[in-house]
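Student: Provided herewith is a single structure, encoded as structure tokens, for subsequent inquiry.
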Amino acid sequence: MITLRRLIKDDLPRLRQVWKDNWGDEFIVAHGVIYHPDPLDGFIAFDGHEWVGEITYDFSENGCEIVTLDSVREGQGLGTKLINGVVDEARKKNCRRVFLITTNDNLNALGFYQKRGFEMVRINRGAVNESRKIKPSIPMIGMNNIPLRDEIELEILLKV
Ligand SMILES: CC(C)(COP(=O)(O)OP(=O)(O)OC[C@H]1O[C@@H](n2cnc3c(N)ncnc32)[C@H](O)[C@@H]1OP(=O)(O)O)[C@@H](O)C(=O)NCCC(=O)NCCS
């Protein structure tokens, strides 16, 4: 059975490694901001003792931003569970919206989020090219063999 628990300090070394493996380094760059795992909130998904997913998020005056989402076992409801965990958390905090940045190459994520009520609200052309100056490990060619260059912001508005 899959269970979620809140991210704790002891998870940070493991989380850094997951980011490194999946996102090329121990930090994330989105809309010109550098995110390290340490100050972020998050949930870890477990199957027994096995770590099978993670989501991190950050509350600011702009709303609740999902910073990373990774599922190790795709197509089993894990990503949905992690997203729902954050949306519930945002509701509890009377937050007006949950948003995230994905990139133009990530066709799977664009479909995944839209099917879960998120809408595309902004495209920032060339933003990834700017991020690459801070984080050279961002590849030129991304998922699906697509040149990786733009940020796409998606949001879901919550009734408060
Ligand atoms: C995007 C991502 C997080 C989705 O995670 P996931 O665990 O596959 O998500 P889910 O299993 O909840 O949903 C995926 C699909 O599986 C289907 N599914 C869920 N549970 C299922 C089950 N028990 N049996 C069969 N299919 C199932 C869902 O219907 C969904 O399909 P849909 O989007 O067409 O509705 C995952 O693909 C991932 O980690 N990608 C790489 C990292 C990434 O891109 N992160 C997002 C960055 S912005």
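The values are calculated or read from the model by the stated rules, or taken from the named source; none is laboratory data. From a predicted model like this one, the values you see are computed outputs, not experimental measurements. Because the Cβ atoms are built from the backbone with ideal geometry, glycine has one as well, and the counts that use them run over all protein chains shown. Remember, those area values only see protein heavy atoms, side chains included, never the ligands or the DNA or RNA. Shrake-Rupley method; radii C 1.70, N 1.55, O 1.52, S 1.80 Å.
Student: Using a 1.4 Å probe, what is the accessible area per residue for the range 39-160, in Å²?
Tutor: 53 Å²
Student: Given Cα pairs under 8 Å that are at least 6 residues apart, what percent is the relative contact order of the range 1-88?
Tutor: 24 percent
Student: Another question about this same structure. Would you mind computing, in nm to one decimal, how far apart the modelled labels at LYS93 and HIS49 are, each placed 7 Å from Cα along Cα→Cβ?
Tutor: Here the modelled spin labels are 3.2 nm apart.
Student: Any chance you could run the full-extension gain for GLU26 through GLU119? It's 0.36 nm times the residue separation minus the Cα-Cα distance, nm to one decimal.
Tutor: That works out to 30.6 nm of additional length.
Student: Here's another thing I want to ask about it. At a Förster radius of 35 Å, what calculated FRET efficiency corresponds to the Cβ-Cβ distance of LEU157 and LYS133, to the nearest 0.05?
Tutor: Rounded to the nearest 0.05, the efficiency is 0.60.
Student: Roughly speaking, to the nearest percent, how much of the range 1-128's 1.4 Å accessible area is carbon and sulfur?
Tutor: Here carbon and sulfur together make up 47 percent of the probe-accessible area.
Student: Would you calculate the separation in nanometres between label points at VAL72 and MET1, each defined as 7 Å from the Cα along the Cα-to-beta-carbon direction?
Tutor: 2.0 nm
Student: Give the average over all directions of the projected area of the C-alpha convex hull of the range 77-160, one decimal, in nm².
Tutor: Spelled out: convex hull of the Cα atoms, projected over all directions, averaged, 6.2 nm².
Student: If the cut-off is a Cα-Cα distance under 22 Å, which lysines reach LYS135, setting aside same-chain residues fewer than 8 apart in sequence?
Tutor: Leaving aside lysines fewer than 8 places away in the same chain, those within reach of LYS135 are LYS20.
Student: Assuming a viscosity of 1.306 mPa s and a temperature of 10 °C, what translational diffusion coefficient in µm² per second does Stokes-Einstein assign to the range 1-114, Rh being the Kirkwood radius over Cα pairs?
Tutor: My calculation gives 110 µm²/s for D.
Student: Could I ask something else about it? Between ASP38 and ASN108, what is the label-to-label distance in nm when each label sits 7 Å out along the Cα-to-Cβ direction?
Tutor: 3.2 nm
Student: Can you pull out the trypsin sites (Lys or Arg not before Pro) in the range 98-140 whose DSSP state is coil and whose Cβ has at most 14 other Cβ atoms within 10 Å?
Tutor: Passing both the DSSP loop test and the Cβ count: ARG116, ARG125.
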